[in-house]
Amino acid sequence: MEEFKMASSFSRILSSKRNLGILSVVGGSVTVGFLLHREHVSAGVPVRRTYPASAEYPDLRKHNNCLASSLTPAIYAKLSDKATPNGYTLDQAIQTGVDNPGHPFIKTVGVVAGDEESYEVFADLLNPIIKERHNGYDPCTMKHPTDLDSSKLQSGHLDERYVLSSRVRTGRSIRGLSLPPACTRAERREVERVVVDALAGLKGDLTGRYYSLTQMTDAEQQQLIDDHFLFDKPVSPLLTCAGMARDWPDARGIWHNNEKTFLIWINEEDHTRVISMEKGGNMKRVFERFCRGLKEVEHLIQDKGWEFMWNERLGYVLTCPSNLGTGLRAGVHVKLPLLSKDPRFSKILDNLRLQKRGTGGVDTAAVGGVFDISNLDRLGHSEVQLVQTVVDGINYLIECEKRLEKRQDIKVPPPIKQFK
Amino acid sequence: MAKNCHNDYKMKFSGDEEFPDLSLHNNHMAKSTPSGFTVDDVIQTGVDNPGHPFIMTVGCVAGDEESYEVFKDLLDPIISDRHGGYKPTDKHKTDLNFENLKGGDDLDPNYVLSSRVRTGRSIKGFTLPPHNSRGERRAIEKLSIEALASLDGEFKGKYYPLNGMTDAEQEQLITDHFLFDKPVSPLLTCAGMARDWPDGRGIWHNDNKSFLVWVNEEDHLRVISMQKGGNMKEVFRRFCVGLQKIEEIFKKHNHGFMWNEHLGYILTCPSNLGTGLRGGVHVKLAKLSTHPNSVLGSFWRQFCPVETVRTMWVFTGGGWLVLGVSSLNTPDCEAAVLRQGNISGPKEGRSPRLCWGGRASDSSPFSPPGGVDTASVGGVFDISNADRLGSSEVDQVQMVVDGVKLMVEMEKKLEKGESIDGMIPAQK
């Protein structure tokens, strides 16, 4: 009985990444000594009750999310005893979807990746979810195009009588380190170190500075708030239940260039979020700086032996399956007081593959007829294609607004072709 | 693509690099319990919740019975700090013989509005709420339902699963102030206790609505005995009898309660070790609470940032005892009211041991489940024992009974305009 217990706890130690470092320390005699001293646990009491998958299968009957749609008992049974090499399990990946039943009108994803390998190990669950979320994109058969050549963008100067600001954001993950739901404090600090190190090498209009959340002064904090750069500890249970807010604010921070047009969040919902923005409608310049900055950062980390998580099936790998591919959201704040009151507004946006949000970002309301309008898609189209979609779409929306100002009628455009 | 990709090996981190910004021992015997609970799991809630300058929360949880052994280097000093210097060699006395309680049936119901005793129990062989899986939690629920269903007489009752109750049942449970909510306090959520809510959770109560069991909230079981008025003796009798009946049934199913002679009853939070018992009353002490000479006024104004919560020290003859008092009030009370707290006090360099009760989710006739205008009118306070470990159930309820009796007498004197200076007993 003792040997059995020793073997099983040993193998547990072996499979747990966090204990790799102490393998050399935990020798046989130490383990046995430890077991013999556990006088409070009587022999014969199981150390942890294990149950068949059917007993562990979550109750998703009241849930409305992609997890509930795709996690059949059969898939759960197949994957529930698997783990990534880091030790990340299916139960961990789905915890946020189990804890957050979702909303009848808004279908959230409900699964996160703890590391790059999650997308392989749990492919039986994640592939159908990716397909549902990304309009039929099939990771088994299709390839994702990456194109960061901003010179290809056309008509990227938007009418500044309507467009107040322009912005492009994406995320990047550092290959070899676990993602925010699973990372240890040391890994998170390593992400911070690697990225901050690289950013220190940016030059010219990209020269900038890092502000660590744990160390910024009150004055710096106030400035970042005034600039609308400071991000908060996540409060959304979608994120907290996935474990992304652990150890806050350790190893979190914000970097931005001196001109305040290129900004990087470190260790928020992804390893990095990269943002290019400016007031006005010059989406062309915003996108140009975005691409240039991203490529620069990539070179700088590669010089030190690191790289971004990317593959041709899924594009850039990020924490949430909804951000795979480009991870790109390109958008503007645009005044559309007349069009937004037109009953056809939603349909027009839909057909243009655009979504609207309030000016506070996701889950906020529009104020004064000003909307945040951005691309819906992330995966299966390149960065250039998506930003072009936004540019073309915004130009169309502005045309509609102008026509409505002149009391002319507007037309709902035909839907842009999708993969389905 | 690039060379020197770090995908080939995972980074190995030494204990130093994983070291959070806390002072921890480094000489752990092993890095996880047999069920796989690690020291990082134990401390996560404490790392995520820095605490309050005036309120010292614990910051650690156990994931299973073995946690208290495997991580004793960390937990023993915390237990000592939290439980008045309790040593690793000390033994805890369990006494659930209600006949040993003296008095307690004569608290003046004009002042004592309700009486209540609660504790927690963990079921041997299962891991605790921060760690257990859905399968385990459901098994605990199933076992609990079976055990409770076999109770009869004054203990005959019914189980209401959180995930299956009808709207009517839910309404009734809310009206009775029995329904507990998904925990919102980050102290609990960061420890993982709210996972999979409301799966495997439920409420059982007897037909008389005087004996209540919560299943799978912060502990496997929370057992509550209560009634209106001041007959604490009867509340404690029912508490002891009911608990012992339940324990018998679990033992028959080969799943007794987690207990040992050093730590008493084993619960998720180290602050609840020992008896896990909080015995308290809701009592009107309008005059006493504002008495200028009571330590209450000056101390609280000095230390408490939240006006709705008040504190008071009372010393009874018979042993050193500090009772905590909190004002039953708005949901703000819930926000400020975390758990039992130690505050560094001003007197003689000693830490007064204060206790807040009245979490909005604690069942009681007076905690408003989100309502604003009940209670607190006329200074109604929730007074309960602060100690859990190192004294028995009878000792602790006795302290409450004696202390409340004294305070009511003080209140009556103040109402008559008399002085109470001679009544405040010396602190040992």
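The values are calculated or read from the model by the stated rules, or taken from the named source; none is laboratory data. Predicted model only: the values in this text are computed from it and were never measured. Cβ sites come from the backbone with ideal geometry, for glycine too, and all protein chains shown count toward neighbours. Remember, those area values only see protein heavy atoms, side chains included, never the ligands or the DNA or RNA. Shrake-Rupley method; radii C 1.70, N 1.55, O 1.52, S 1.80 Å.
Can you tell me which residue within the range B:380-425, out of those that are crowded, with 19+ Cβ neighbours inside 10 Å and small (Gly, Ala, Ser), is modelled with the highest pLDDT? Filtering the range B:380-425 for residues that are crowded, with 19+ Cβ neighbours inside 10 Å and small (Gly, Ala, Ser), the one modelled with the highest pLDDT comes out as B:SER392.
What about A:TRP248, is it of a type in the set (Phe, Trp, Tyr), within 13 Å of another protein chain (Cβ to nearest Cβ) and without any contact (Cβ under 8 Å) to a residue 40 or more places away in the chain? Considered against the rule, which asks whether it is of a type in the set (Phe, Trp, Tyr), within 13 Å of another protein chain (Cβ to nearest Cβ) and without any contact (Cβ under 8 Å) to a residue 40 or more places away in the chain, A:TRP248 comes out as yes. Go through the residues of the range B:224-232 one by one and say whether even a single one is open to solvent by 10 Å² or more (accessible area, probe 1.4 Å), at positive phi and not polar (S, T, N, Q). Within the range B:224-232, one or more residues are open to solvent by 10 Å² or more (accessible area, probe 1.4 Å), at positive phi and not polar (S, T, N, Q). Taken over the range A:274-291, the residue count meeting the criterion of being touching a Phe, Trp or Tyr at 6+ places or on another chain (Cβ under 9 Å) and in a helix (DSSP H, G or I) is 2.
Among the conditions (1) in contact (Cβ under 8 Å) with a residue 12 or more places away in the chain; (2) over 21 Å from the mean Cα position of the chain (by Cα); (3) over 23 Å from B:GLN44 (Cβ atoms); (4) within 14 Å of chain A (Cβ to nearest Cβ), the only one that B:LYS251 does not satisfy is (1). Evaluation of B:GLU141 against the conditions (1) surrounded by fewer than 22 Cβ atoms within 10 Å (Cβ to Cβ); (2) away from chain A (no Cβ under 14 Å); (3) part of a helix (DSSP H, G or I) shows that the sole unmet condition is (2).
For the residues B:ASN132, B:ASN216, the requirement of being modelled with pLDDT of 95 or more and on the phi > 0 side of the Ramachandran plot singles out B:ASN216.
If you go through the range A:290-303 and keep only what is away from chain B (no Cβ under 14 Å) and open to solvent by less than 10 Å² (accessible area, probe 1.4 Å), you end up with A:PHE290, A:CYS291, A:GLY293, A:LEU294. On the stretch given as the range A:62-88, residues that are open to solvent by 20 Å² or more (accessible area, probe 1.4 Å), within 14 Å of another protein chain (Cβ to nearest Cβ) and within 19 Å of A:PRO128 (Cβ to Cβ) total 5. Looking across the range B:147-168 at every residue that is in a helix (DSSP H, G or I) and touching a helix residue (DSSP H, G or I) at 6+ places or on another chain (Cβ under 8 Å), the one that is farthest from B:ASN254 (Cα to Cα) is identified as B:GLU154. Please verify whether B:HIS205 is closer than 17 Å to B:ASP64 by Cβ, open to solvent by 10 Å² or more (accessible area, probe 1.4 Å) and touching a residue at least 40 places away in the same chain (Cβ under 8 Å), treating the condition exactly as stated. When the stated conditions are applied, B:HIS205 does not pass them. Filtering the range A:315-328 to residues that are within 23 Å of A:LEU153 (Cα to Cα) and not β-branched (Val, Ile, Thr) leaves A:GLY315, A:TYR316, A:ASN323, A:LEU324, A:GLY325, A:GLY327, A:LEU328.
Being among the β-branched types (Val, Ile, Thr) and over 23 Å from A:LYS152 (Cα atoms) is a description that applies to A:VAL370. Considering only residues that are buried (at least 21 other Cβ atoms within 10 Å of the Cβ) and in contact with a Phe, Trp or Tyr (Cβ under 9 Å, 6 or more places away or on another chain), which ones fall in the range B:72-90? B:LEU75, B:ILE79 - these are the residues of the range B:72-90 that are buried (at least 21 other Cβ atoms within 10 Å of the Cβ) and in contact with a Phe, Trp or Tyr (Cβ under 9 Å, 6 or more places away or on another chain).
Scanning the range A:55-66 for residues that are touching a helix residue (DSSP H, G or I) at 6+ places or on another chain (Cβ under 9 Å) and over 23 Å from B:GLU141 (Cβ atoms) returns A:ASN65, A:CYS66.
If only residues of the range B:57-73 that are within 13 Å of chain A (Cβ to nearest Cβ) and of a type in the set (A, V, I, L, M) are counted, the one that is nearest to A:ASP247 (Cα to Cα) is B:ALA62.
Of the residues B:ASP41, B:ASP105, the single one that is acidic (Asp, Glu), modelled with pLDDT of 90 or more and in a loop (DSSP other than H, G, I, E, B) is B:ASP105. Scanning the range A:182-200 for any residue that is touching a Phe, Trp or Tyr at 6+ places or on another chain (Cβ under 6 Å), charged (D, E, K, R) and either surrounded by 22 or more Cβ atoms within 10 Å (Cβ to Cβ) or at positive phi (or both) turns up nothing. The strands (runs of 3 or more DSSP E) found entirely in the range A:199-273 that carry 2 or more residues being hydrophobic (A, V, I, L, M, F, W, C) and more than 25 Å from B:VAL47 (Cβ to Cβ) are A:262-266.
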